[in-house]
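A short write-up of the structure that comes next.
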Amino acid sequence: PNQIANLRAKYEAELRKIIEDGTLKEKAWPEEYVKKITEVRVKSQKAGDLDGVMAVETELKRFKDSRDFPDQTIAMAPEALRAVQLAYRDRPRQLLMERGQQILESAGRYKDRLTALQKELTKADKIAEALQVNEEIKRLEGSSVVTSAEFAVAEHDAQEKKTEPPADMTQTPPPAGPPPIHSESKKAILAPDFKLVEKAVGMGIPTKSL
């Protein structure tokens, strides 16, 4: 039905916006990091802290070759440099998680609209059209963009649990993230493949093929 095409177009427009915004953030964070540690260098230089200046120089050279932050690269001093490193070391994974959450929220809204349409068509005894909507729901649940987003969010949550302190049983737990788009029995564990989605959306290929 035309309703499916209209709903899908709205969903794909949301995906395009999410991916474009995420790509801009991915390109921006390394420049932000360099700017922050350069500010640390200036402060160290003005304070006459030669060790601090050299520590920043070393990090600038290292970061030019690698944007990873293994433990041995985290400086002990100056403290300002260490703070910036710790703030940015998980930035790529954080951005993937944020994009994944946004995609899951968008996919959830799309599924809700499709489910409402399916119900409406079934009540009107338009069973053939309702079945088409049901197929679109299944396609959405199994799409790589959804499973990749679920993986990104799950991976981030797993890493957070590794580093968080023991839970205080007296505190109220934080609100849960977006619910899964499909059941556990259908869930596929895939590496995040947002660039495939970005390329497809940019070329006008419908996410039906994803």
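Selection over segment 70-79 of residues that are open to solvent by less than 50 Å² (accessible area, probe 1.4 Å) and among the aliphatic types (A, V, I, L, M) gives a count of 2. For residue 92, the conditions (1) surrounded by fewer than 18 Cβ atoms within 10 Å (Cβ to Cβ); (2) over 30 Å from residue 9 (Cα atoms) are fulfilled apart from (2). Look at (1) assigned to a helix (DSSP H, G or I); (2) over 22 Å from the mean Cα position of the chain (by Cα) and you find that residue 48 fails only one, number (1).
Within segment 55-69, the set of residues being surrounded by 10 or more Cβ atoms within 10 Å (Cβ to Cβ) and more than 23 Å from the chain's Cα centre (by Cα) comprises 55, 56, 57, 58, 59, 60, 62, 64. Checking each residue in segment 25-49 for being open to solvent by less than 40 Å² (accessible area, probe 1.4 Å) and of a type in the set (A, V, I, L, M, F, W, C) picks out 28, 29, 37, 40.
Residues in segment 127-164 that are closer than 30 Å to residue 71 by Cβ, open to solvent by less than 60 Å² (accessible area, probe 1.4 Å) and not hydroxyl-bearing (Ser, Thr, Tyr): 149, 150, 151, 152, 153, 154, 156, 158.
From the list 52, 22, the lone residue that is surrounded by 15 or more Cβ atoms within 10 Å (Cβ to Cβ) and under 30 Å from residue 140 (Cβ atoms) is 22.
Table: residues versus (1) more than 28 Å from residue 145 (Cα to Cα); (2) touching an Asp or Glu at 6+ places or on another chain (Cβ under 9 Å); (3) not charged (D, E, K, R).
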| site | (1), (2), (3) |
| --- | --- |
| 25 | no, yes, no |
| 30 | no, no, yes |
| 71 | yes, no, no |
| 76 | yes, no, yes |
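The values are calculated or read from the model by the stated rules, or taken from the named source; none is laboratory data. Only a predicted model underlies this, so the values are computations on that prediction, with no experimental measurement involved. Every residue, glycine among them, receives a Cβ derived from its backbone with ideal geometry; neighbour counts consider all protein chains shown. When the accessible area is computed, the model is the full protein with side chains, heavy atoms only, and any ligands, DNA or RNA have been set aside. Shrake-Rupley method; radii C 1.70, N 1.55, O 1.52, S 1.80 Å.
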